[in-house]
Amino acid sequence: ELAGRLASHVGFLIEISRTYDDLRRCLSGDPRETHALQSLLATWHAMHTAHGQLIEDMRHWQRQCHASESKFLSLVESTQDAVVILQDHRFRYVNHRLKEILGYSPDECYQMENILDLVVEEHRPIVAEHHSRKLQGEPAPPYEFAARDHQGSEVVLEATGVVVEHDGRPAILEIWRDVTRQRQLRAQLLLSEKMTAIGQLISGVAHELNNPLTAVLGFSELVLMDGQLSDELRRDLMTILSEAQRARKIVQNLLAFAHTQESEKQLSDLNQVLHDTLVLKEYELHVNQVQVIKQLDPQLPRVIADVDQLKQVFLNILVNAEQAMVAARPPRRLEIQTSVKTCYIAGSASDWVEIKFRDTGPGIAPEHIPHIFDLFFTTKESGRGTGLGLAISYNIIKDHGGRIYAQNAPDGGAEFIIELPVQTL
Ligand SMILES: Nc1ncnc2c1ncn2[C@@H]1O[C@H](COP(=O)(O)OP(=O)(O)O)[C@@H](O)[C@H]1O
Ligand SMILES: [Mg+2]
């Protein structure tokens with residue numbers, strides 16, 4: 001643009017020098033006049049040449065600018081990371097990669113009122129602080145934040161930035177790298193490492209506890225056989241015995257938790273496994289006035305599973321449902337449903353067996369739902385709950401390549417859903 005303007009200046013200059021030439025012809029011929037005019041003309045010519053050179057330089061500089069801008073653009077557009085220029089909390093430039101990461105087109109980005117709207121609420125202060133520190137010239141190291149993409153899913157971004165000039169004012173150029181997958185993997189790795197460590201610790205402790213417990217159980221049974229025992233002592237001993245039995249059950253559960261890897265899987269009929277498990281609890285459920293409603297799909301495909309482990313899972317869920325419902329008023333109803341579902345993932349279909357348990361208890365407090373599968377998480381008073389049941393169940397289902405999750409039914413009770421893959425040959 002500047003070069004264009006200069007060029008038109010030069011046009012003026014040429015025009016002026018022509019006029020002076022005409023003027024000279026009209027003048028009287030006084031050598032002083034001619035001399036003055038000539039030196040004026042020489043100055044104009046010099047200016048003309050200088051301008052021409054300047055224009056040439058500017059054109060060259062402009063070409064270089066274009067070249068480096070297109071180099072910059074092709075670099076920025078081909079990178080795996082999102083590159084953005086931010087000013088006044090708005091996007092001033094975004095490369096195309098941002099659309100792949102967050103799902104927003106450049107135009108949608110430029111229309112956003114505040115880029116912080118993209119950031120998850122709890123990370124907004126972090127991002128705002130990094131930006132203001134950067135603009136104040138303070139050193140700002142790379143940082144991480146979570147954003148929400150077009151669909152509302154969380155994306156973890158690692159941001160590195162510098163201050164640049166945009167439209168004559170300071171702006172922030174940031175490179176955003178999508179590290180969601182890495183963070184997930186790291187979390188999974190940490191969790192599985194932690195679980196392995198916990199498993200080893202537990203199995204060590206459980207084995208250590210087993211021996212003294214066997215002794216306590218054995219000796220109390222032995223003493224109980226003594227006919228001369230006073231009633232009072234007998235009662236106390238019975239308490240010792242039943243508490244020791246409870247302790248042994250916990251220890252066995254702990255051992256089961258630590259050893260979920262070694263399972264014996266075979267093609268199994270889950271309806272049958274459910275039926276067998278219910279038989280174990282039939283009497284207690286009846287005494288507690290729990291009505292069991294079964295809706296079992298007779299066409300349910302068989303799945304590859306360790307029957308004993310699945311029984312344990314079903315039993316844990318049944319016991320929890322029963323305990324939850326006993327705390328609530330009758331009618332108490334436990335619905336058990338099996339069905340088969342077809343899922344389409346990346347164009348290929350796969351069948352899953354779904355087992356759903358729904359009770360009429362008080363349901364699970366929403367803030368507890370993310371924790372109920374954690375080891376030792378319990379809301380029950382000590383003595384009644386150990387927080388082991390669902391953690392064990394989770395491990396077993398995971399080991400079967402399946403999924404277990406809980407939610408509250410629309411009318412209040414808790415719902416536990418297990419999904420297991422149907423292997424196709
Ligand atoms: N059917 C249910 N209804 C309501 N809450 C439940 C139900 N099942 C499980 N929970 C919640 O999950 C927690 C963890 O269950 P679990 O791992 O079996 O441990 P525990 O039964 O020993 O407490 C329970 O303490 C309870 O808060
Ligand atoms: Mg339980």
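No value in this document is a laboratory result; all are computed from the given coordinates. In this text, all values refer to a predicted model and were calculated from it rather than measured experimentally. We place every Cβ from the backbone using ideal geometry, glycine too, and count neighbours over all the protein chains shown.
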Computed FRET efficiency, Cβ-Cβ of Lys398 and Thr214, R0 30 Å: what is it to the nearest 0.05? 0.45
Amide H neighbours of Asp306 under 5 Å, counting only residues 5+ apart in sequence or on other chains, H built in-plane at 1.01 Å? Gln266
Using alpha-carbon pairs under 8 Å, 6+ residues apart, how would you state the relative contact order of the chain in percent? 9 percent
Compute and list, largest first, the equivalent-ellipsoid semi-axes of the chain from the alpha carbon gyration tensor, each √(5λ) rounded to a whole angstrom. 83, 24, 19
Cα gyration tensor shape for region 268-425, rounded if a/c is under 1.5, else prolate or oblate: prolate
Listing Val164, Val303, Val290 from the residue with the fewest other Cβ atoms within 10 Å to the one with the most, what is the order? Val164, Val290, Val303
222 nm mean residue ellipticity, helices alone, for the chain (DSSP H n ≥ 4; -39,500 (n - 2.57); rounded to 500): -18000 deg cm²/dmol
Taking Cα pairs closer than 8 Å and at least 6 residues apart, the relative contact order of region 2-77 in percent is 45 percent
Other-chain or far-sequence residues with amide H under 5 Å of Tyr93's (modelled H): Ile85
Arrange the following residues from fewest to most other Cβ atoms within 10 Å of their Cβ: Met238, Met58. Met238, Met58
Quick one: what are the phi-derived ³J(HN,Hα) couplings along region 288-293, Karplus 6.51/-1.76/1.60 with θ = phi - 60°, whole Hz, x for glycine and proline? 8, 6, 9, 8, 9, 10
If amide H atoms are built 1.01 Å from N in the plane of the peptide, which residues on other chains or at least 5 residues away come under 5 Å of the amide H of Val164? Ala171, Ile172, Leu173
For the chain, size of Cβ-based charge dipole, Lys and Arg +1, Asp and Glu -1, in debye: 280 debye
About its Cα centre, region 249-408 carries a charge dipole, from +1 on Lys and Arg Cβ atoms and -1 on Asp and Glu Cβ atoms, whose size in debye to the nearest 20 is 360 debye
State whether region 169-256 is rounded, prolate or oblate according to the following rule on the C-alpha gyration tensor (a ≥ b ≥ c being the square roots of its eigenvalues): a/c under 1.5 gives rounded; otherwise a/b larger than b/c gives prolate, and the remaining case gives oblate. prolate
Cut-off of 10 Å, at most 11 other beta carbons, DSSP loop: longest stretch of the chain lacking such GluC sites (Glu not before Pro): 114-261
Mean separation of Cα contacts under 8 Å (6+ apart) over length of region 263-309, as relative contact order %: 75 percent
In sequence order, what are the phi-derived ³J(HN,Hα) couplings for region 372-382 according to the Karplus relation 6.51 cos²θ - 1.76 cosθ + 1.60 with θ = phi - 60°, rounded to whole Hz, with x for glycine and proline? 5, 8, 6, 5, 6, 7, 8, 10, 8, 5, 5
